[in-house]
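**Q** The structure follows.
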Amino acid sequence: MHTGRIDTAVLLLHYGKYLADKDLLLRETFDFEALKLRDGFVEYGGFKAKNIVFATGFGIKNNPYFNYLPLNGTKGELLTIKAPALKEERVIKSSVFIIPLGKDMYRVGATYKWKDKSNTPTEECKQELLQKLNTFLKCPYEVVDHVAGIRPTVSDRKPLVGRHPEHENMYLLNGLGSRGVMIAPMASMQLYALIENKEAVVPEMDLSRFTKKHFRN
Ligand SMILES: Cc1cc2nc3c(=O)[nH]c(=O)nc-3n(C[C@H](O)[C@H](O)[C@H](O)COP(=O)(O)OP(=O)(O)OC[C@H]3O[C@@H](n4cnc5c(N)ncnc54)[C@H](O)[C@@H]3O)c2cc1C
């Protein structure tokens, strides 16, 4: 009731095009050595900016400024199946979920794994998902896609939003865990209010709850 699904692949594709058309998007791996912290601004390549915001999910592990934060990461895998006989428009939630995507395609997921930190889909997780799916899906289907990703999960399960403990032009938006779609709007509004209006981030999200860890390293 009163819920919806955001097609994040379509959202990212079109928002990326919107930014590229305005010449506001550069697609490259960030080179931390090229970042220069100046008094009151930052420099990167040919760019000068008042602030920098890192929003790199599990990529935070390669970020020398924020890798003190306890972001552990939880791997998840999803299948896409084609099931022409299913004819279901509602989301079904059992031991796994089935989400209708249209054209007889359905998304099935997800797994939760804490040790493996790769983005590679595994046969083990595929079998885990199929075994659970087969307990309640009783029509023929074929698997047409299988993907994996790392959820940016934090030890206390809360987002990581705020300013670096030492560098005042450096910010972070991360720790969205397994609910990025729901949490990102509020978390990014909190960050915007901090950067532009100097309004404090709600304590539950504020990364300053881990500042002691930064100075311990
Ligand atoms: C299987 C699975 C199912 C999920 N289901 C749901 C769901 O149903 N609902 C929901 O709300 N959430 C779901 N999530 C969680 C959701 O995907 C995350 O919360 C969300 O993607 C986090 O967003 P983010 O932008 O912080 O990080 P990411 O989506 O990980 O994006 C970070 C981006 O930064 C890039 N990057 C990293 N390092 C660098 C670098 N050095 N230079 C340049 N780019 C870099 C990465 O390539 C990536 O594009 C699911 C996750 C998984 C894995």
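Here's the yes/no breakdown for (1) surrounded by 12 or more Cβ atoms within 10 Å (Cβ to Cβ); (2) farther than 22 Å from E168 by Cβ:
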{"site": "H14", "(1), (2)": "no, yes"}
{"site": "L25", "(1), (2)": "yes, yes"}
{"site": "L37", "(1), (2)": "yes, no"}
{"site": "G40", "(1), (2)": "no, no"}
{"site": "K48", "(1), (2)": "no, no"}
{"site": "T56", "(1), (2)": "yes, no"}
{"site": "G59", "(1), (2)": "yes, yes"}
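**Q** Determine whether region 109-125 contains at least one residue that is away from the ligand (no atom under 14 Å from the Cβ) and of a type in the set (F, W, Y).
**A** No: region 109-125 contains no residue that is away from the ligand (no atom under 14 Å from the Cβ) and of a type in the set (F, W, Y).
**Q** Quick one: which residue in K48, K82 is free of Cβ contacts under 8 Å to residues at least 12 places away in the same chain, more than 16 Å from the ligand (Cβ to nearest atom) and more than 16 Å from the chain's Cα centre (by Cα)?
**A** Exactly one of K48, K82 is free of Cβ contacts under 8 Å to residues at least 12 places away in the same chain, more than 16 Å from the ligand (Cβ to nearest atom) and more than 16 Å from the chain's Cα centre (by Cα), namely K48.
**Q** Give the residue that is farthest from S155 (Cα to Cα), with candidates limited to residues of region 176-197 that are more than 10 Å from the ligand (Cβ to nearest atom) and crowded, with 17+ Cβ neighbours inside 10 Å.
**A** This residue is L194.
**Q** Report the residue count in region 156-174 for those that are farther than 15 Å from H214 by Cβ and within 16 Å of the ligand (Cβ to nearest atom).
**A** The total comes to 6.
**Q** Follow-up. For V154, state whether it is loosely packed, with under 15 Cβ neighbours inside 10 Å, of a type in the set (A, V, I, L, M), under 29 Å from V10 (Cα atoms) and touching a strand residue (DSSP E or B) at 6+ places or on another chain (Cβ under 6 Å).
**A** The answer is no for V154.
**Q** Next question. Count, please, the residues in region 1-30 that happen to be without any contact (Cβ under 8 Å) to a residue 12 or more places away in the chain, within 11 Å of the ligand (Cβ to nearest atom) and part of a loop (DSSP other than H, G, I, E, B).
**A** Matching residues across region 1-30 total 4.
**Q** Look through R90, R27 and report the one residue that is in contact with a helix residue (DSSP H, G or I) (Cβ under 9 Å, 6 or more places away or on another chain) and of a type in the set (D, E, K, R).
**A** Values: R90 fails: in contact with a helix residue (DSSP H, G or I) (Cβ under 9 Å, 6 or more places away or on another chain).
The conditions single out R27.
**Q** Okay, next question. Look at region 90-104 and say how many of its residues are within 16 Å of the ligand (Cβ to nearest atom) and assigned to a strand (DSSP E or B).
**A** Total satisfying the criteria: 7.
**Q** For K87, are the conditions met, namely being in a loop (DSSP other than H, G, I, E, B) and either of a type in the set (D, E, K, R) or within 12 Å of the ligand (Cβ to nearest atom) (or both)?
**A** Taking the combined requirement at face value, the residue satisfies it.
No lab work stands behind these numbers, since they all come straight from the coordinates. All values derive from a computational prediction rather than experimental measurement. Reconstructed Cβ throughout: ideal geometry from the backbone, glycine too, with neighbour counts over all protein chains shown.
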